[in-house]
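What follows is a single structure, written as structure tokens, with notes after it.
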Amino acid sequence: MTKPLDDKKLTFRRYEDGDAAPPPLEEKIFQGDHSYKCPTYVHRTPPCQGSCPSGHEIRGWLAIARGMDKPTEEGMTWQQYAFDRMMQANPFPSVMGRVCPAPCEDGCNRNEVDDFVGINAVEQYVGDWAILNGLKGKGPEAETGKKVAVVGGGPAGLSAAFFLRQKGHGVTVFEAHDHLGGMMRYGIPGYRTPRAMVDAEIQRILDLGVEARLNTRIGEDIKVEELERDFDAIFWAVGAQAGRPLPVPGFDAPNCISGVDFLDAFNQGWVVHTAQKIVVVGGGDTSIDVASVARRLGHIQTVHPKDNSDPGMLGYTAHDVAGTIAREGVTAVLTSLFPIEGMTAAAREREDALREGVDIRGGVMPLEVIKGPDGRAVALKMCECDMDGMRPVPREGTEFEIECDIVVSAIGQMGELTGDLESLDNGRGFIDTDAVFRVKGKENHFAGGDILRPHLLTTAIGHGSVAAECIDGYLAGTLKDKRPKVDVHHFNLLNELHQRKLDPEPYGHVQTRGTNEAGFAIHNYEDRSKAQIIPHDELFLGHFKYEPRAVREEIHIAGDAVVGNFDERLVGLTEEQAMAEGKRCMSCGMCFECDNCVIFCPQDAVFRIKKDQRAVGRYVDTDYGKCIGCHICQDVCPSGYIQMGLGE
């Protein structure tokens, strides 16, 4: 199945119709006697990795999917090799492959050719394959004797626990709920994050020896001083559990709640139906989830009195017999300050909600909750508005009312830092940290996830990963005060050579001229990945032909057919589709062995390295004795890996 590209360019064109001026080829070709520049192989970070909040080495595992980077162990499948690479950054590939809005795909340089690479579709395929085949995480090589308390069992906390445990530290996760998962479980409905997949990926972390203490709230059941006494470091990953109320009169009505509370109640099984008419104020993914869940729950009109818990609020608790009663469709209206196309929710989620019968109204703002004689909300007064940056400006004379039985505010979240945790509060319901995720003013306290700033699940996972590295540095006495400019998981050529038993010779520390014949040096290679992201205009995009993206199929449900349907909507890729998507990757900033430089070099100065000496990033070399500095190899390099530089 392929996605129509409408008016998008199908292929890259270096020259547009009407361009008649010849390029400066003579200047490039006939400068060998004075340029002194020859090919240098420069590794830079591709934009997909640079924009991935969890720091995935995306180009690396796509190279594995395409078959270019072969497994290093006999009998290892490419899926396991790719899974191991993914787990270096993110222990939840199955879940994130489903729900991550994929900022990596927005930044993909392939968008300049035809369509982005389906990165999270490949991630889901590998993550699901790993679960079905029982793959485990890699445990620690040695124990350090250090102990770390992780407060919060959501994506940030579990990510930190996973990476800290791999480094050999003892880890205990304290979780207030009776299950781990945080927002993956309690903030997102199961048809988007199947619980079997969530449970499997969490269990993989616990199997490494991570201890979990459930139904335990720090500050109440256990004091912070006890953690400070019993653990060498503490990682706060308590999330943003409190939803922001609507800042309008009347929202104190008993049938006005937050989106966080609505989804938490649903995901804990406390609610199996909702009110007849629901208005959700938001515009982000949470508001879409609330409205879509409400449409699925439906409304139950005729019941026995003993079954009714609160008909004007959330509805029936999970132990009621309401699940056997006929349901009716719910009228769900979702409002957004921004126009529909400007909402922060993912376009695919908006389209699904519209198809399923959610009435989305953009460019409107709430003014007041209208209450009935009993003090309950009966309508939401609104008006049309324009946006001045992030500030809504009402349009006079456009007021209107939306009748409702329940109003849900999904306009943001904040932390609940009460009681014993008040010392962590920055005054706005969040925790302030420095550049290495250390809580300001507290030596061995670190924090990450939504309690710093509510964002994506993958952002929380990235916080956990980076914080684990920082905590490890703190415990070892090597913590630095800043992080790299491009702070992701990078390809490491020395590691690649080592795993293929191609390590450079030991350096004899003897001064010499030139390194092209030296076995101790990696010849004409430079790593700029921690400082530079390679843009599309430094690639030879004309190399790539139109290749349609393999789009995951979706199960679409229309209208009231959605009532009671909680089946997963996404259909994962096949192995063939996943490998094809890997081949669509342009390998920005890294050689993908296309042979262009070898074929087009007029001096035969560029040559392939012998097969038994090849590794990713070391496929070709240059004989500087033959090279005349004509720049042609750089000009035809599709991935931008070749740059002209000086040296021997």
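All of the numbers you see were taken from the coordinates with simple rules; none came from a lab. Not measured: the values here are computed from a predicted model. So basically every Cβ, Gly included, is an ideal-geometry build from the backbone, and we count neighbours across all protein chains shown.
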task: Pairs to check: K480/K610; K485/K611; K147/K482; K136/K583; K501/K545; K70/K167. Give those whose C-alpha atoms are more than 29 Å from each other in this structure.
output: K480/K610; K485/K611; K501/K545
statement: Distance in Å, no decimals, from the C-alpha centre of the range 411-487 to the one of the range 516-559 is 31 Å
- request: Write down the radius of gyration of the range 186-241 and its Dmax, each obtained from C-alpha positions, in Å.
  value: 14.5, 42
Average Cα contact separation per residue, the chain, under 8 Å, 6 or more apart, as relative contact order %: 23 percent
- line: For the range 506-571, listing chymotrypsin sites (Phe, Trp or Tyr not before Pro) in a DSSP loop whose Cβ sees at most 16 other Cβ atoms within 10 Å gives Y507, F520, Y546, F566
query: So what's the net charge close to R66: Lys and Arg +1, Asp and Glu -1, counting the other residues with Cβ under 15 Å from its Cβ?
result: -1
message: I need the per residue convex hull volume for the range 168-263, using only the alpha carbons, in cubic angstrom as a whole number.
response: 138 Å³
- prompt: List the GluC sites (Glu not before Pro) in the range 181-229 that DSSP assigns to loop (not H, G, I, E or B) and whose Cβ has at most 15 other Cβ atoms within 10 Å. Which are they?
  reply: E220
statement: Residue by residue through the range 406-422, the couplings from Karplus 6.51 cos²θ - 1.76 cosθ + 1.60 with θ = phi - 60°, in Hz, x for Gly and Pro, are 7, 10, 10, 9, 10, 10, x, 9, 8, x, 10, 9, 10, x, 5, 9, 4
query: Short version: ³J(HN,Hα) in whole Hz for each residue of the range 101-106, in order, from phi by Karplus 6.51 cos²θ - 1.76 cosθ + 1.60 (θ = phi - 60°), x for Gly and Pro, what are they?
result: x, 6, x, 4, 6, 5
query: Ranked highest first by the average count of other Cβ atoms within 10 Å around their residues, in what order do 157-163, 289-295, 482-488 fall?
result: 157-163, 289-295, 482-488
- prompt: To the nearest 20 debye, what is the magnitude of the charge dipole of the range 367-414 about its Cα centre, counting +1 on the Cβ of each Lys and Arg and -1 on the Cβ of each Asp and Glu?
  reply: 180 debye
query: So which GluC sites (Glu not before Pro) in the range 385-449 pass both tests, a DSSP loop state and at most 10 other Cβ atoms within 10 Å of the Cβ?
result: E396, E443
task: Taking the dipole about the Cα centre of the chain, with the C-beta of Lys and Arg at +1 and of Asp and Glu at -1, give me whichever of H498, P366, F520 is farthest to the positive side.
output: F520
query: Long-range amide H contacts for E356: which residues qualify at under 5 Å (H placed 1.01 Å from N, peptide plane, sequence gap of 5 or more or a different chain)?
result: G559
field: Net charge over other residues, Cβ less than 14 angstrom from the Cβ of V488 (K, R count +1; D, E count -1)
entry: +3
field: Amide H contacts under 5 Å for I370, placed H, 5+ residues apart
entry: V378, A379, L380, K381
- line: Quick calc, the chain, dipole around Cα centre from Cβ unit charges on Lys, Arg (+) and Asp, Glu (-), nearest 20 debye, gives 980 debye
- prompt: Ordered by residue, what ³J(HN,Hα) values in Hz, to whole numbers, does the range 354-364 give under the Karplus form 6.51 cos²θ - 1.76 cosθ + 1.60, where θ = phi - 60° and Gly and Pro are x?
  reply: 4, 5, 7, x, 6, 8, 9, 10, x, x, 10
- prompt: What angle, in degrees between 0 and 90 and rounded to the nearest 10, separates the Cα long axis of helix 285-297 from the longest principal axis of the Cα atoms of the chain?
  reply: 50 degrees
field: Rounded to 10°, Cα long-axis angle of helix 195-206 versus longest principal axis of the chain
entry: 60 degrees
- line: Expected unfolding gain across D252-E422 under the 0.36 nm per residue rule, minus the alpha-carbon gap, is 58.7 nm
- request: Would you please give the FRET efficiency between L502 and N215, computed as 1/(1 + (r/R0)^6) with r the Cβ-Cβ distance and R0 = 35 Å, to the nearest 0.05?
  value: 0.10
query: Can you give the angle from 0 to 90° between the axis of helix 457-476 and the longest principal axis of the chain, with both taken from C-alpha atoms, to the nearest 10?
result: 60 degrees
- request: Can you tell me how much longer the chain between Q603 and E443 gets when fully stretched, taken as 0.36 nm per residue apart minus their C-alpha distance, in nm with one decimal?
  value: 51.6 nm
message: Looking at the chain only, what percent of DSSP beta bridges run antiparallel? Nearest 5 please.
response: 45 percent
